[in-house]
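Below: one structure, written as structure tokens.
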Amino acid sequence: MSPLSSFASIDGFQERYFAEVDGSTWTLQLTSSQTFQRRVTAKLQMGNARARYLLIGNVDGKHIKGSCQTPIGSSQAAEDLLFDIQRIDESHIELSLTNASGKRLSKTILSTDIQQNPIDTAILGTWYSVAEPGASSNNPYLGEEWAIHFSENGKLCESIYLVDTRTRKNHRDPCTTPSSQRWKAVDGKIYTAADEDWQLEFNYRLMGGRLVVSYPGGKRRVANFAE
């Protein structure tokens, strides 16, 4: 039995969650208060010993909301932060940090599985490439469209199909078939695997709200996010 499976639940929350963020491991440890009902204390470790916060808040259904404090004696610059933890399922949460004026500073998916593959939350969702005419010699108006969906649970599905570029919104859901791959994001690169044999799929970057993809062979795609 995994040691994580024995952790006590706090209104459906687990004791420990992990995430890979920019090459470092974030750890969140929750503890229920022995004095105040539904009060929760959490320790957030953001990759190194100096990036630490003490979170104090209240449970409200699937949410834990409260404020962040820097630990006593920490050399980290103090900043008033608010947090919102939302339970996604039994093993995943979403942690949002905002400053005192309400500006969101970060939004991170954490999992109870310390071995979970690192993902980039900025590209979660479905993207569609810009289809250019000329994909078929028989019909110059046909264009090739690429659709890809990045899921927060580490699954990826994609498809390539022809569309009539004279009409709009011909998009197809890339996840209509049950086939999918695992994905992880490392230093601007997407790797995929059917099991544990990871292969480089493409390099990527976000530019002006678009996903720009470069394949090892030189092919390039530009995709828009599906609203």
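Rounded to the nearest angstrom and listed largest first, the equivalent-ellipsoid semi-axes of the stretch 175-227 from its Cα gyration tensor are 20, 16, 10. Exposure check, 1.4 Å probe, all protein chains in place: residue 65 carries approximately 120 Å² of accessible surface.
Given C-alpha coordinates of the stretch 105-227, what is the ratio Rg to Rh with the Kirkwood estimate of Rh?
Values: Rg = 15.4 Å, Rh = 15.6 Å.
My calculation of the ratio gives 0.99.
To the nearest 10, the accessible area of residue 182 is 50 Å² with a 1.4 Å probe.
Keeping all protein chains in position, work out how much accessible area residue 141 exposes to a 1.4 Å probe, and write it in Å² to the nearest 10. Probe radius 1.4 Å; accessible area of residue 141 about 110 Å².
Using a 1.4 Å probe on the protein chains only, how many percent of the accessible area of the stretch 99-158 belongs to carbon and sulfur?
Values: 1320 of 2970 Å².
Carbon and sulfur atoms account for 45 percent of the accessible area of the stretch 99-158.
Accessible surface ranking for 171, 63, 1.4 angstrom probe, highest first: 171, 63.
Computed extension length for residue 113-residue 99: 2.2 nm, one decimal, from 0.36 nm per residue of separation with the Cα-Cα distance subtracted.
Averaged per residue, the stretch 80-226 has 56 square angstrom of accessible surface, using a 1.4 angstrom probe with ligands and nucleic acids left out. Working from Cα pairs under 8 Å separated by at least six residues, relative contact order for the stretch 151-227 is 17 percent.
The values are calculated or read from the model by the stated rules, or taken from the named source; none is laboratory data. Model, not experiment: these values are computed from the prediction. Remember, those area values only see protein heavy atoms, side chains included, never the ligands or the DNA or RNA. Shrake-Rupley method; radii C 1.70, N 1.55, O 1.52, S 1.80 Å.
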